[in-house]
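Inspection log for the structure reproduced underneath, given as structure tokens.
The values are calculated or read from the model by the stated rules, or taken from the named source; none is laboratory data. The model shown is predicted, which means the values in this text are computed figures rather than measured ones. Cβ atoms come from the backbone with ideal geometry, glycine included; neighbour counts cover every protein chain shown. These accessible areas exclude ligands, DNA and RNA; they are computed on the full protein's heavy atoms, side chains included. Shrake-Rupley method; radii C 1.70, N 1.55, O 1.52, S 1.80 Å.
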Amino acid sequence: MNDFIAARSQMALSLGFHIVFSCIGMVMPFFMAVSHFIWLRTGNVMYKNVTRAWSKGVAIFFATGAVSGTVLSFELGLLWPEFMKHAGPIFGMPFSLEGTAFFIEAIALGFYLYGWDRFNKWFHWGTGVLVGVSGLVSGILVVAANAWMNSPAGFDYINGQYLNIHPIQAMFNDAWFSQALHMCIAAFAATGFAVAGVHALMILRGSHVQFHGKAFRIAAVFACVAALLQPLSGDISAKDVGRRQPAKLAAMEAHFKTEKRAPLIIGGIPDEKNKTVHFAIEIPGMLSFMAHDDFNAEVTGLDQIKPEDHPPVAVTHYAFQVMVGLGMLMLAISLLYFIAVWKKKQWLQKQWLLKLFVLATPAGFLAVEAGWTVTEVGRQPWIINGIMRTADAVTPMPGIVYSFYLFTAVYLSLAVIVTFMLYRQIRMVGKLYDLPAMPVPSSH
Amino acid sequence: MLYVVIIFLWTSILLYLLLGGADFGAGIIELFTSRDNQDRTRRTMYRAIGPIWEANHMWLIIAIVILFVGFPEIYTTMSIYLHIPLVIMLLGIVARGTAFSFRNYDAVVDDMQVIYNRIFMYASCVTPFFLGIIAGSAVAGRIDTHATNFLDAYVFSWLHWFSVAIGFFTVAICGFLASVYLIGETDNETDRQRFISKARTTNILAVIAGALVFVAAQVEHIPLMDWIFGNPVGITAIVLASLSLVLLWYLLFHGKTKILRVLAGFQVTMILLTTTYRHYPKIVLLKGGGYLSLLEHAGNEHTMAALGWALLLGSVFILPAVFYLIYSFQKKKASVAH
Ligand code: HDD
Ligand code: HEM
Ligand code: HEM
């Protein structure tokens, strides 16, 4: 592995790790707020127990998200100094605003986690909501920064110089809306299915069904609404990519030849040498429709793009298939769930429905990782689309390979510990939370 | 707006040193507490910093964001040549932050706690030590942008007596800040006495480490004396800091917690002021007389304006909220105590 590949891998690893925790940090506060609200309204202590059990988990996830985010803000410079030297002043606006959002999030979390029975109960509830809102805002802002890398704006690039910089225009680049929308919905879908799946498993095992049933309902409703919206937002994203990054769209669809009435390719093994896709299902005209709203429109293929500007086709294509496939799976489960809720109440008692949710536990997060692979690998070889190449941005320091191994070890151990703690948390539910009249736990 | 941004940068560094420093210090104190008392120290500390530790560490992020948005050359030069200490510091931050929340939120209390505690305590020492090294390296003039071999470029840029001495100094200061802070956080008289004696020890250690910094500067031919005593602001600040030291010792025997905290904060502020004032606006000194300056290496006008407004806007939201957070947990504690 050379240093350049090591740097890319380390960046991908760190971001792929962080995104899991940031999704949870953005979304769990809303689940907690709902459960907390029901408790405050109905006085049903079970909901208070659900809220408190979740909040312990969130504290663990939040801290891990915060430290991995801190690492990222240094890594941008440690690994990509040449990029940050030029990009920092241009795409820095969302980061500067994000600082405020993080701060508010951290403060509100302090109030929320340590404020049980100390403050007015609605003030306390409100701080929980604020954690979620500021998390969501910071997610949107950081995605706007990433969107700028896909769709650079707010400066003129003249003779290798970055002139006439307008940070606000850079923030509101062409891609920010579609990406931020898609990301927010994805966070709800991913976290929702993960949480619902864990509680579904516990219900199937017959342990503390009351408790897990309530938790499951809240998570499942969020997850299923998000999963219904996700393909719609994905369609907006695809059109957007078609407009601003035809090379990425072509790689996503392994679309080698420019053609009218381009087919949508499902599955298949792209063969980059012979410029074809083996064993794929083709839906004629569908890609033209997806990209341009017209079954007969022409879709740019890789043949129109200089070979040195081609993204890795296979990885991008597979990642896209995985994301869309999982999206369809989650969509199907959501439809079944809503039919169950509205028309076929008896399904809710059935094991198969819960089993489906257990099956889908990792689906959302896998789709998130796949989606980011599409976005980031599909942008290659550019770090700033069309302006700066990734290879030109990397740090001159040799030996990044070792740093990559080190970070891999760290993130692996953290992942193991967090999973282990989560497991212990769930096992302790009976002891800590399932007593119907649990005394208010003191905060020492 | 450039000056607004610079003030914010300096203030965030100061606040990180004070608040984050006290926070690291708590872990350092825990490490140097006898086994029997560790548990009690831990509980006091959890109550004292639990709600605010996340917020305390945000100052580092604010400082970094200001650097990479407003002063990208400074950020990237440091990232390239101080890569190794930065990575170690980051690992420290990761280990410490996660260990802290793991030990507080693990549903089962068992042997794992011992591991979390160890990690927490050692990382609490390593992180400020390397922060000190990084700060020392920025001004030591050893960063060589023309170096041709690995050691000169990426190791000797930060590995020298001066930065190591500053590393120790930083650790001592953190311990000192934490002990002074914790004095006011306990209602138990023996614990109070323990923290007071810790404050004395760490204060002495800080003075010794400070002296070592001067020695190391001499050894490494860094004109530290001139930086501090060569200008009226430096002299005034150092004199004030020393005077307040006398007052501090007097108060330590009489245990006035509120004033003690203010004094400790004041001393650290004065130290940061003297060490930065003389350089300003040169924040990174390079080998061979080159430098990176806050004024000459700032981003363009639009960026600075946007950054300045973002920071001003942010502080309208953040500052009241931070104060309210600290205030309400202080007040609640007081009302529980009485
Ligand atoms: C739960 C997760 C999830 C699901 C079910 C989907 N996506 Fe997605 N997708 C993401 C999670 C995601 C993501 C991880 O959030 C990405 C990465 C960058 C971004 O903005 O969102 C993404 C990126 C992304 C992009 C690239 C955007 C860009 O580069 O700017 C496209 C074109 C789509 N998605 C399209 C779809 C379609 C047509 C889906 C149909 C079902 C779909 N996504 C489901
Ligand atoms: C958290 C979700 C994200 C994930 C999972 C992710 C994933 C990845 C991956 C897989 C790569 C490697 C691509 C390759 O080298 O082939 C990468 C590169 C990179 N990403 Fe992202 N990314 C995310 C968000 C972001 C954001 C928000 C930013 C910046 C604002 C960003 C900045 C970068 C940079 C600078 C690189 C290195 C340059 C490059 O390879 O193009 N990423 N990311
Ligand atoms: C799509 C990508 C990203 C999303 C959606 C995202 C979102 C979030 C969220 C919601 C948090 C709050 C903490 C938590 O809930 O655990 C967080 C933390 C953080 N993120 Fe990210 N982030 C992304 C990528 C990045 C990148 C590229 C950087 C660095 C440049 C970054 C820097 C940080 C920092 C410094 C924190 C810690 C803030 C704190 O202490 O609360 N994030 N992120």
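So, of the residues in segment A:46-72 that are out of contact with any Lys or Arg (no Cβ under 9 Å at 6 or more places or on another chain) and free of Cβ contacts under 8 Å to residues at least 12 places away in the same chain, which turns out to be farthest from the other protein chains (Cβ to nearest Cβ)?
By that ranking, first place goes to A:T70.
Checking B:R103 against (1) charged (D, E, K, R); (2) more than 7 Å from chain A (Cβ to nearest Cβ); (3) touching a residue at least 24 places away in the same chain (Cβ under 8 Å), which test does it fail?
That leaves (3) as the condition not met.
It is to be established whether one or more residues within segment B:34-47 are more than 12 Å from chain A (Cβ to nearest Cβ), of a type in the set (S, T, Y), under 17 Å from the mean Cα position of the chain (by Cα) and open to solvent by 20 Å² or more (accessible area, probe 1.4 Å).
No, that holds for no residue.
In segment A:33-42, is there at least one residue being within 16 Å of ligand 2 (Cβ to nearest atom), out of contact with any Cys (no Cβ under 8 Å at 6 or more places or on another chain) and modelled with pLDDT of 90 or more?
Of segment A:33-42, the ones within 16 Å of ligand 2 (Cβ to nearest atom) are none.
No: zero hits.
Which of the residues that make up segment B:238-270 are over 17 Å from B:A206 (Cα atoms) and not β-branched (V, I, T)?
B:Y250, B:L251, B:F253, B:H254, B:G255, B:K256, B:K258
Residues of segment A:77-100 being more than 7 Å from chain B (Cβ to nearest Cβ), open to solvent by 10 Å² or more (accessible area, probe 1.4 Å) and either away from ligand 3 (no atom under 12 Å from the Cβ) or of a type in the set (A, V, I, L, M) (or both), which ones?
If the condition is that a residue be more than 7 Å from chain B (Cβ to nearest Cβ), open to solvent by 10 Å² or more (accessible area, probe 1.4 Å) and either away from ligand 3 (no atom under 12 Å from the Cβ) or of a type in the set (A, V, I, L, M) (or both), then A:E82, A:H86 are the ones that fit.
Do we find a residue being open to solvent by 70 Å² or more (accessible area, probe 1.4 Å) and in a helix (DSSP H, G or I) anywhere in segment B:179-186?
No: zero hits.
Select the helices (runs of 4 or more DSSP H) contained entirely in segment A:313-392, then report the ones holding at least 1 residues which are closer than 24 Å to A:F83 by Cα.
Numbers: elements: A:313-342, A:351-359, A:363-377.
Here the list reads A:313-342, A:363-377.
Looking at segment B:139-159, is at least one residue open to solvent by less than 30 Å² (accessible area, probe 1.4 Å), within 17 Å of B:M89 (Cα to Cα) and assigned to a loop (DSSP other than H, G, I, E, B)?
yes
Looking only at segment B:61-79, which residues are in contact (Cβ under 8 Å) with a residue 12 or more places away in the chain and facing another protein chain (nearest Cβ under 7 Å)?
Passing the criteria: B:I62, B:V69, B:P72, B:E73.
B:F168: in contact with a Lys or Arg (Cβ under 8 Å, 6 or more places away or on another chain), of a type in the set (F, W, Y) and surrounded by fewer than 24 Cβ atoms within 10 Å (Cβ to Cβ), yes or no?
On the way: in contact with a Lys or Arg (Cβ under 8 Å, 6 or more places away or on another chain): no; of a type in the set (F, W, Y): yes; surrounded by fewer than 24 Cβ atoms within 10 Å (Cβ to Cβ): yes.
Criteria not met by B:F168.
Among B:V126, B:V114, which is the only one that is part of a helix (DSSP H, G or I), open to solvent by 40 Å² or more (accessible area, probe 1.4 Å), among the hydrophobic types (A, V, I, L, M, F, W, C) and touching a Gly at 6+ places or on another chain (Cβ under 8 Å)?
On the way: B:V114 fails: touching a Gly at 6+ places or on another chain (Cβ under 8 Å).
None of the other options fit; the residue is B:V126.
Looking at (1) more than 14 Å from chain B (Cβ to nearest Cβ); (2) away from ligand 3 (no atom under 16 Å from the Cβ); (3) open to solvent by less than 60 Å² (accessible area, probe 1.4 Å), which is the only condition A:G371 fails?
Failing condition for A:G371: (2).
One line per residue, one yes/no per condition, for (1) within 16 Å of ligand 1 (Cβ to nearest atom); (2) closer than 23 Å to A:P152 by Cα; (3) more than 14 Å from chain B (Cβ to nearest Cβ):
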residue: A:A319; (1), (2), (3): yes, no, yes
residue: A:L335; (1), (2), (3): yes, no, yes
residue: A:K343; (1), (2), (3): no, no, yes
residue: A:L348; (1), (2), (3): no, no, yes
residue: A:G364; (1), (2), (3): yes, no, yes
residue: A:M388; (1), (2), (3): no, yes, no
